[in-house]
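Peer 1: Please find one structure pasted underneath; my questions will follow.
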Amino acid sequence: MNGDTSLSHQGDPTPGDAIRPLIVPRDEHPISRANISSQALKVLYRLKEAGYQAFLVGGAVRDLLLGLSPKDFDIATNAHPDQVKQLFRNCRLIGRRFHLAHIRFGFEIIEVATFRAAHTPIDEDNSVDEGAHRVLDARGRILRDNLYGSIEEDVWRRDFTANALYYNIEDFSVWDYVGGVADARARVLRLIGDPQTRYREDPVRMLRAMRFAAKLDFQIEAHTAEPIAKLAGMLDGVPPARLFDEINKLFLVGSAARSFELLEQYHLLEHLFPDLAAALAHFGKESSAAKVLQLGLQGTDERVREDKSVTPMFLFAVLLWPVIRRLYERTTPAQGMEIDALVTACEQATARQQARIAVPKRFTLPMREMIALQPRFERREGRRVLRVLDHPRFRAAYDFLLLRAAAGEVPQELADWWTQIQGTSGEARLEMVEQTNTSAGASAPGRPRRRRRRRRTSQS
Ligand code: ATP
Ligand code: MG
């Protein structure tokens with residue numbers, strides 16, 4: 001298949017090197033314009049009509065080749081950003097120091113990138129540093145701009161062979177410089193170039209490897225897999241905000257459970273979630289803490305499959321729950337102070353995690369409220385129950401309670417009671433609360449003043 005010579009570009013091709021792609025004609029691949037967004041087609045055609053090269057690139061080509069529906073459509077062209085801007089009224093150039101064109105159609109944004117020159121370093125947002133690549137004259141005018149290049153140069157900056165395919169709008173063929181078509185068909189994830197070098201350039205590629213392997217059900221090719229364990233520590237130097245984005249892509253696209261397994265297998269988990277790795281080692285795989293996590297990730301995947309919304313708020317609650325429990329279990333809260341102790345554990349777990357992954361407050365604050373509701377579920381008597389039902393975080397907290405029940409951390413009967421009370425209203429609801437008051441004592445460890453048993457959120 002793809003002779004390995006085309007893959008080893010340690011020396012990197014210099015501009016002008018004659019590299020010829022494998023060109024797969026339209027009748028030899030399944031990519032149909034019917035499956036390409038009409039807005040992306042519009043952009044491709046307009047670029048072509050203006051005399052530029054225009055290709056669909058990246059994940060969209062890969063996904064279409066695999067028969068999946070792409071999440072977004074990215075375009076690469078030899079038109080410079082300013083030239084792209086001139087062609088589209090709805091175009092904005094973005095990036096701090098460099099330019100990518102965003103062409104907006106309502107909610108859909110089509111990203112158009114100009115082919116990059118060889119050796120163009122990639123910023124953390126996958127953009128390039130324009131300043132470092134311009135040669136200016138004494139008056140600050142651009143003399144030479146070696147930022148942008150040809151498709152032959154652009155291909156080498158991409159990460160995996162399956163992500164480096166170009167669909168040509170000129171004749172609907174696919175251009176493949178790196179054996180990506182064969183790899184995609186064989187479901188092999190292979191880094192372009194020397195794997196160590198590529199991970200060192202950008203350690204996030206290790207996480208991208210996990211993501212694509214999980215999402216696409218690809219095997220990570222041996223040379224691509226080999227350096228990961230050794231270089232895992234390089235993730236410690238990645239800005240926490242970028243890791244937050246990557247974690248969402250890993251866990252909120254329908255393959256969270258598999259991604260988690262891969263992170264464990266490749267020893268990346270310790271670097272992303274050190275306290276979680278330690279808590280799981282402490283509680284053990286069969287513990288209810290581990291089960292809440294596992295069921296939580298599976299549930300997230302199910303929601304994605306059913307097209308339901310998923311949020312980092314719930315995701316991080318699931319990921320941090322074993323840590324929160326461990327911190328909580330180390331405390332001995334005074335009677336009546338259990339909720340405060342749990343909230344403190346939650347705050348500590350979150351604060352420590354922030355050093356690695358920057359979770360914005362708009363997610364951590366509701367997460368804390370949701371966690372704080374957990375002990376309140378165990379008190380079923382009196383009118384305060386009605387306040388729990390009205391709490392803005394009730395729905396999420398109830399879902400979390402269901403998880404804990406499924407994991408064996410709280411009695412299923414408790415979760416069922418909360419399911420049932422939601423189905424009742426008015427008098428019947430009040431009756432339930434009052435009945436609980438007199439009859440459901442044993443499984444409702446409420447009433448702290450009369451009971452001596454210490455309440456814990458869990459026992460594993
Ligand atoms: P997804 O379906 O998740 O969007 P994708 O392959 O399109 O997957 P993007 O992050 O959207 O991934 O990036 C688009 C393309 O840009 C990739 O296919 C790849 O060619 C290139 N790319 C993105 N990030 C990197 C990186 N860190 N290193 C090298 N190439 C990258
Ligand atoms: Mg993409």
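Peer 1: Hey, can you tell me all the residues within the range 87-120 that are within 16 Å of ligand 2 (Cβ to nearest atom) and among the small types (G, A, S)?
Peer 2: A101, A113
Peer 1: Right, here's the next one. Within the range 371-385, identify whether any single residue is more than 23 Å from Q435 (Cα to Cα), surrounded by 19 or more Cβ atoms within 10 Å (Cβ to Cβ) and at pLDDT 95 or above, and answer yes or no.
Peer 2: Yes, there is a match, as at least one residue in the range 371-385 is more than 23 Å from Q435 (Cα to Cα), surrounded by 19 or more Cβ atoms within 10 Å (Cβ to Cβ) and at pLDDT 95 or above.
Peer 1: Mind listing whichever residues of the range 36-54 are buried (at least 19 other Cβ atoms within 10 Å of the Cβ), within 17 Å of H102 (Cα to Cα) and within 14 Å of ligand 2 (Cβ to nearest atom)?
Peer 2: Once the filter is applied, which keeps residues that are buried (at least 19 other Cβ atoms within 10 Å of the Cβ), within 17 Å of H102 (Cα to Cα) and within 14 Å of ligand 2 (Cβ to nearest atom), the range 36-54 yields only A40.
Peer 1: Looking at the range 301-336 only, could you name the residues that are among the aliphatic types (A, V, I, L, M), out of contact with any Gly (no Cβ under 7 Å at 6 or more places or on another chain) and assigned to a helix (DSSP H, G or I)?
Peer 2: M313, L315, A317, L319, L320, V323, I324, L327
Peer 1: Name the single residue that is farthest from the chain's Cα centre (by Cα) among those in the range 19-35 being aliphatic (A, V, I, L, M), surrounded by 14 or more Cβ atoms within 10 Å (Cβ to Cβ) and more than 16 Å from ligand 1 (Cβ to nearest atom).
Peer 2: Filtering first and then ranking leaves I19.
Peer 1: Does the range 353-372 contain any residue that is under 28 Å from R429 (Cα atoms), outside any loop (DSSP other than H, G, I, E, B) and among the basic types (K, R)?
Peer 2: Yes - at least one qualifying residue is present in the range 353-372.
Peer 1: Here's something else I'd like to know. If you take just the helices (runs of 4 or more DSSP H) that sit entirely in the range 177-287, which of them hold at least 2 residues that are farther than 28 Å from I324 by Cβ and under 13 Å from the mean Cα position of the chain (by Cα)?
Peer 2: 204-216
Peer 1: Output the residue which, of all residues in the range 56-81 that are within 16 Å of ligand 1 (Cβ to nearest atom), part of a loop (DSSP other than H, G, I, E, B) and of a type in the set (A, V, I, L, M, F, W, C), is surrounded by the fewest Cβ atoms within 10 Å (Cβ to Cβ).
Peer 2: Looking at the filtered set, the residue picked out is L68.
Peer 1: Here's another thing I want to ask about it. Within the range 302-325, count every residue that is over 15 Å from A397 (Cα atoms) and either modelled with pLDDT under 95 or surrounded by fewer than 20 Cβ atoms within 10 Å (Cβ to Cβ) (or both).
Peer 2: Residues flagged as over 15 Å from A397 (Cα atoms) and either modelled with pLDDT under 95 or surrounded by fewer than 20 Cβ atoms within 10 Å (Cβ to Cβ) (or both) within the range 302-325 amount to 8.
Peer 1: Taking the criterion of being surrounded by fewer than 17 Cβ atoms within 10 Å (Cβ to Cβ), on the phi > 0 side of the Ramachandran plot and out of contact with any strand residue (DSSP E or B) (no Cβ under 6 Å at 6 or more places or on another chain), would at least one residue in the range 334-351 satisfy it?
Peer 2: Scanning the range 334-351, I find at least one residue that is surrounded by fewer than 17 Cβ atoms within 10 Å (Cβ to Cβ), on the phi > 0 side of the Ramachandran plot and out of contact with any strand residue (DSSP E or B) (no Cβ under 6 Å at 6 or more places or on another chain), so the answer is yes.
Peer 1: Taking only pairs six or more apart or across chains, which ones have beta-carbon atoms under 9 Å, a first residue in the range 234-245 that is free of Cβ contacts under 8 Å to residues at least 60 places away in the same chain and surrounded by 15 or more Cβ atoms within 10 Å (Cβ to Cβ), and a second residue that is assigned to a helix (DSSP H, G or I) and hydroxyl-bearing (S, T, Y)?
Peer 2: Matching pairs, first to second residue: M234/Y199.
Peer 1: Let me ask you something else. Here is a check on your reading of the model: is F172 within 16 Å of ligand 1 (Cβ to nearest atom) and among the aromatic types (F, W, Y)?
Peer 2: no
Peer 1: Now for a separate question. Could you go through the range 192-200 and let me know if any residue there is crowded, with 23+ Cβ neighbours inside 10 Å, within 14 Å of ligand 1 (Cβ to nearest atom) and of a type in the set (G, A, S).
Peer 2: no
Peer 1: Of the residues L41, L65, L56, only one is at pLDDT 95 or above and touching a Lys or Arg at 6+ places or on another chain (Cβ under 7 Å); which?
Peer 2: Answer to the check: L41.
Peer 1: With respect to V84, is the statement that it is crowded, with 24+ Cβ neighbours inside 10 Å, farther than 23 Å from T161 by Cβ, within 16 Å of ligand 2 (Cβ to nearest atom) and at pLDDT 95 or above true?
Peer 2: no
Peer 1: Given the conditions (1) basic (K, R); (2) under 25 Å from A277 (Cβ atoms); (3) outside any helix (DSSP H, G or I), which single one is not true for R380?
Peer 2: So R380 meets the others, but not (2).
Peer 1: Then there's this: In the range 385-418, what residues are more than 27 Å from E286 (Cα to Cα) and in a helix (DSSP H, G or I)?
Peer 2: V385, L386, R387, V388, L389, D390, F394, R395
Peer 1: Right, next: Looking at D183, D159, D171, can you tell me which residue is away from ligand 2 (no atom under 16 Å from the Cβ) and under 26 Å from A214 (Cβ atoms)?
Peer 2: Of D183, D159, D171, the one residue that is away from ligand 2 (no atom under 16 Å from the Cβ) and under 26 Å from A214 (Cβ atoms) is D183.
Peer 1: Do we have any residue at all in the range 216-239 that's within 16 Å of ligand 2 (Cβ to nearest atom) and among the charged types (D, E, K, R)?
Peer 2: No, the range 216-239 has no match at all.
Peer 1: Scanning for something buried (at least 16 other Cβ atoms within 10 Å of the Cβ) and modelled with pLDDT of 80 or more, does the range 435-458 turn up at least one residue?
Peer 2: So far as the range 435-458 goes, no, none of its residues is buried (at least 16 other Cβ atoms within 10 Å of the Cβ) and modelled with pLDDT of 80 or more.
Peer 1: Taking the conditions exactly as written (away from ligand 2 (no atom under 16 Å from the Cβ), of a type in the set (G, A, S) and assigned by TED's automatic domain parsing to the domain that holds H102), does A60 satisfy them or not?
Peer 2: It is false that A60 is away from ligand 2 (no atom under 16 Å from the Cβ), of a type in the set (G, A, S) and assigned by TED's automatic domain parsing to the domain that holds H102.
The values are calculated or read from the model by the stated rules, or taken from the named source; none is laboratory data. The shown structure was predicted, so the numbers you read here are calculated from the model rather than taken from an experiment. As a convention, Cβ positions derive from the backbone with ideal geometry for all residues, glycine included, and neighbour counts pool all protein chains shown.
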